[in-house]
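Remarks on the structure that follows.
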Amino acid sequence: MKKISIIIPMYNEEEVAKTSYLRIKKVMEALNQYDYEMLLIDDGSSDHTMDLLTQIAKENPKVKVLSFARNFGHQSAVTAGIQYATGDAVIIIDADLQDPPELLPEMIALWEQGNEVIYGQRKARKGESAFKLLTAKMFYRTLNALSDVEIPKDTGDFRLVDRKVIDVVNAMPEHNKFLRGLFSWVGFRQKAYLYERQERYAGKTKYPFKKMWKLASDGIISFSTKPLKIVGGLGILTIILSIGILVYSLISYLFNLNQLTPGWTSIMVAITLFSGVQLLSIWIISEYIARIYDETRNRPEYIIAKKINFE
């Protein structure tokens, strides 16, 4: 029998953990031609999520639980899941049930047809604010404009991935992984699966603006050097502008066009423009340097405090 591994990262999901588990269990038991395992990753929850996962694992030996020593983030939780998964195919799905587990049989059927990465692509997103929809749209458009790799629009981490692709991704030692970008970068036979994303079953989103910003910066910096080229372009632009200011100042002086204090306009424009460009350039370059520094430290992406049902 082929084995399917289902990875479910959780962070303060006590309101949905049990329901999410039961719905996924029901779907997988109906697919009795497959063996399965469920990897529930507690990403340092501060509520009763880990207590619920412990009880679930006691009831079902097919459920394996990894508990982090603290909150390391969604991408780290998914990374841990794919590193510990043993299935012929791996499914990544969030616990909030916005990605319905009942769609899994159709994704598995596409895998059986020879597709090696089946990614969920949202044709509609229910229950999300206009701000959320706008920022998501801007993120993917910006990312693809800057990236050297085409990353499918309106996708998340909800996907099915073949074992051979998982092995390739696991062999990559980099930190700050942007997994949906990596799964596109490695290639193989990929297939979009269109679906309607549902409203969150319960609880609140675990992706506030701060985490969304970090995910966006990880995606852009991991898959593009174009921001550095933009810095060079800004440098050239400021040189052209400074020449323009110089020409304007000379003309104003010769023809007495400037009624302000002599030199005021050129000094203020030059100071503010160059200061802004320099600070912007330093910020962009520092983001890349910070990633290099993070890689050289070679710290683990996550620390596991507890394992349940692992041999």
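Step through the table entries LYS25/LYS164; LYS164/LYS307; LYS153/LYS191, compare each Cα-Cα distance with 22 Å, and write down the pairs that go over it. Can you show the working numbers first?
Working: LYS25/LYS164 25 Å; LYS164/LYS307 25 Å; LYS153/LYS191 13 Å.
Long pairs (Cα-Cα over 22 Å): LYS25/LYS164; LYS164/LYS307.
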Check: How much of PHE274 can a 1.4 Å solvent probe reach, expressed as accessible area in Å² and rounded to 10?
Finding: 70 Å²
Check: Going toward the positive end of the dipole of region 17-71, with +1 on Lys and Arg Cβ and -1 on Asp and Glu Cβ, which of ALA30, GLN55, ASN71 do you reach last?
Finding: ALA30
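Listed highest first by mean packing, meaning other Cβ atoms within 10 Å per residue, what order do 280-291, 110-121 come in?
Working: 280-291: 13.7, 110-121: 17.9.
Answer by packing, highest mean first, reads 110-121, 280-291.
The values are calculated or read from the model by the stated rules, or taken from the named source; none is laboratory data. Because the structure is a prediction, the values reported are computed rather than measured. Ideal geometry is used to build each Cβ from the backbone, glycine not excepted, and the neighbour counts take in all protein chains shown. Calculation scope for accessible area: heavy atoms of the full protein, side chains included, ligands and nucleic acids excluded. Shrake-Rupley method; radii C 1.70, N 1.55, O 1.52, S 1.80 Å.
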